[in-house]
1. So if each residue of separation counts as 0.36 nm, and I subtract the Cα-Cα distance between GLN23 and ALA119, what length gain in nm does that give?
2. If you take the beta carbon distance between VAL104 and LYS82 as r and set R0 to 35 Å, what does 1/(1 + (r/R0)^6) give as a FRET efficiency, to the nearest 0.05?
3. Would you please state which residues of segment 18-35 a label at LEU47 would reach in this model, taking the label point 7 Å out along Cα→Cβ and a backbone N cut-off of under 11 Å?
4. Taking the structure as given and computing semi-axes √(5λ) of the Cα gyration tensor in Å, which label from (i) 34, 15, 11; (ii) 121, 7, 5; (iii) 67, 30, 10 fits?
5. Considering lysine pairs in the chain that are 8 or more places apart or on different chains, how many have Cα atoms under 26 Å apart?
6. How large a share of the accessible area of segment 72-128, in percent, is made up of carbon and sulfur atoms when the probe is 1.4 Å and the other protein chains stay in place?
7. For MET11 and HIS40, what does the FRET efficiency come to when R0 = 35 Å and r is the distance between their Cβ atoms, rounded to the nearest 0.05?
8. If you count only protein heavy atoms with a 1.4 Å probe, what accessible area per residue comes out for the chain, rounded to a whole Å²?
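The values are calculated or read from the model by the stated rules, or taken from the named source; none is laboratory data. Here the structure is a predicted model, which means the values were calculated and not measured. Cβ atoms come from the backbone with ideal geometry, glycine included; neighbour counts cover every protein chain shown. Side chains included, ligands, DNA and RNA excluded: accessible areas come from the protein's heavy atoms. Shrake-Rupley method; radii C 1.70, N 1.55, O 1.52, S 1.80 Å.
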Amino acid sequence: EARASETELAMEDAAVASANLVQKLRDSHEVIEMESALKHSEERDMLQANIAVLSADLTAKLRDIEALSTKLAAEEAEGAKKASAIIGLKASLSDREAEMAMLVTTHANELASMEQVTATRVENLTGM
């Protein structure tokens with residue numbers, strides 16, 4: 001009976017030890033799961049931080065592009081304004097050239113007329 005009692009005690013001790021071991025394994029598994037979840041959470045946080053940095057960088061680059069686009073549009077408008085002014089100056093110059101050509105023609109006609117009058121007077125004076 002003493003041996004049976006010792007065996008029962010040993011079995012109970014073994015059962016308790018087994019239950020404790022199972023509990024320790026469960027606790028270890030929970031710790032591993034928590035560490036894994038924490039690791040994934042940290043990785044997710046790090047990825048989110050990287051995304052935030054990249055997003056801010058991209059936003060800054062977009063602002064730079066918009067600023068350059070605005071500057072280019074202003075320069076194009078200024079170029080168009082200058083081109084229009086040049087076209088106006090060319091037209092004005094063409095008008096002045098036409099006026100000068102008319103004046104030269106008028107003066108040439110007047111000179112020819114004066115030469116004719118002079119030639120007629122000379123003939124009249126010498127023919128008398």
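1. 20.6 nm
2. That gives a FRET efficiency of 0.65.
3. Hits in segment 18-35 for LEU47 at 11 Å: none.
4. (ii)
5. Lysine pairs, 8 or more places apart or on different chains, close enough: 6.
6. With neighbouring chains kept in place, the figure for segment 72-128 is 64 percent.
7. Calculated value: 0.25.
8. On a per-residue basis, the chain sits at 91 Å².
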